[in-house]
Amino acid sequence: MGDKGGAPVSSPQQARAQASAITSGRAVPETEASPTSRLRTLFDRPRLSPGQRRIAQYLIEHLTEAAFLSITDLADRAGVSQPSVTRFASAVGFSGYPALREQLQSIALGTRGGGAPAEENRGNELQAAVDAEIENLENLRRDFADADRVIDVGRKLAASAPLTVLGLRISVSLAEYFAYAARRVHPDVRLVTRGGTVAYDALLQSREAGGTWVLAFSMPRHAHETLGAVRVARGAGLKVALITDLALGPLVDEADVTFATGTGSRLVFDSYAAPGVMCAALLQAMTDADPERTQARLEEYEQVADQHQFFLRD
């Protein structure tokens with residue numbers, strides 16, 4: 001690796017690591033929190049009952065439609081009784097369902113360009129799927145207006161040695177991507193993609209080896225074995241950072257910190273544009289946490305890659 005004069009040539013990853021450090025604080029103060037974050041804050045009350053949790057999750061996942069439903073329609077779609085909806089409204093701080101619906105409509109209209117119908121100009125089903133992912137990315141962009149939480153978790157993940165990355169079933173692909181990239185800048189990344197006792201062994205060994213954090217992924221459909229593994233990690237003394245589409249639920253309850261990002265659900269199989277960007281943001285925060293280690297490891301990797309010709313020369 002190098003030019004004819006022997007000077008080192010930075011790889012694209014090295015250049016980005018040097019130039020793309022995340023800045024702390026609100027770079028765009030006027031940017032509002034995403035609808036998901038606002039709803040999560042709205043529903044962040046003392047532990048909700050299972051029925052109330054079902055209502056909250058339905059509202060979060062179907063906000064633009066649910067905000068305009070009657071109490072009867074909302075109860076039917078959430079699979080609960082009308083009195084349950086009334087009690088839910090009271091539990092989250094409103095005088096009744098009409099007051100809650102008014103607040104939901106305010107949030108929904110803010111995400112739909114001043115009330116423009118959500119389905120206008122949506123094109124065909126493939127274009128609609130892209131539009132839904134664009135909305136997910138816009139929501140994530142609002143969340144990133146304050147980068148401090150990402151920076152803080154990135155530092156903690158970078159300091160955990162070993163760092164365990166957990167992803168089971170459909171979440172394996174995201175976990176593998178993160179672990180592959182993290183190994184470029186972290187000396188000991190352990191990937192867990194099998195559940196049950198295999199996952200338990202790996203998590204316990206990671207803790208015994210000095211690890212302090214696990215990064216877990218849970219995308220729909222959420223697996224019981226993921227919840228079991230997260231509980232084992234917490235029981236062993238590991239902290240858990242969770243990337244998921246959920247704002248509420250047992251997985252979120254078990255995690256120490258959660259990054260809730262929307263997934264594309266317009267097609268038969270979900271797409272993960274926003275979770276992918278969330279992964280890249282945490283990786284960036286890890287590189288920023290220890291720039292000297294990052295630079296040294298990237299340089300070493302580029303030398304090995306060049307020596308053994310890992311990659312085609314584009």
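The values are calculated or read from the model by the stated rules, or taken from the named source; none is laboratory data. Every value quoted in this text rests on a predicted model; they were computed, and no experiment measured them. When we count neighbours, we look across all protein chains shown, and the Cβ atoms used for this are built from the backbone with ideal geometry, even at glycine. Quick note on the areas: whole protein, heavy atoms, side chains included, nothing else; ligands and nucleic acids left out. Shrake-Rupley method; radii C 1.70, N 1.55, O 1.52, S 1.80 Å.
Limited to segment 229-245, what total is found for residues that are out of contact with any strand residue (DSSP E or B) (no Cβ under 6 Å at 6 or more places or on another chain) and closer than 28 Å to H62 by Cα? So the answer is 1. Of the helices (runs of 4 or more DSSP H) entirely within segment 62-168, those holding at least 3 residues that are open to solvent by 30 Å² or more (accessible area, probe 1.4 Å) and either at pLDDT 90 or above or over 30 Å from R293 (Cβ atoms) (or both) occupy 71-78, 82-91, 97-110, 125-143, 148-159. Of all the listed residues (Q52, Q57, Q14), the sole one being part of a helix (DSSP H, G or I), at pLDDT 65 or above and under 30 Å from Q303 (Cα atoms) is Q14. Candidates in segment 213-228 are the residues that are in a helix (DSSP H, G or I) and over 19 Å from C279 (Cβ atoms); of these, the one that is most open to solvent (accessible area, probe 1.4 Å) is H224.
Quick check on my filter: what residues within segment 232-251 are in a helix (DSSP H, G or I) and either buried (at least 17 other Cβ atoms within 10 Å of the Cβ) or polar (S, T, N, Q) (or both)?
V232, A233, L251
Of V257, V214, all but one fail to be in contact with a Lys or Arg (Cβ under 9 Å, 6 or more places away or on another chain) and either under 18 Å from T193 (Cβ atoms) or not assigned by the TED database to the domain that holds L157 (or both); the exception is V214. The number of residues in segment 255-269 being at pLDDT 90 or above and open to solvent by 50 Å² or more (accessible area, probe 1.4 Å) comes to 1. Residue selection: V240 satisfies the criterion of being hydrophobic (A, V, I, L, M, F, W, C) and over 10 Å from the mean Cα position of the chain (by Cα). The set of residues in segment 169-182 being open to solvent by 60 Å² or more (accessible area, probe 1.4 Å) and not aromatic (F, W, Y) consists of R169, I170, S173, E176.
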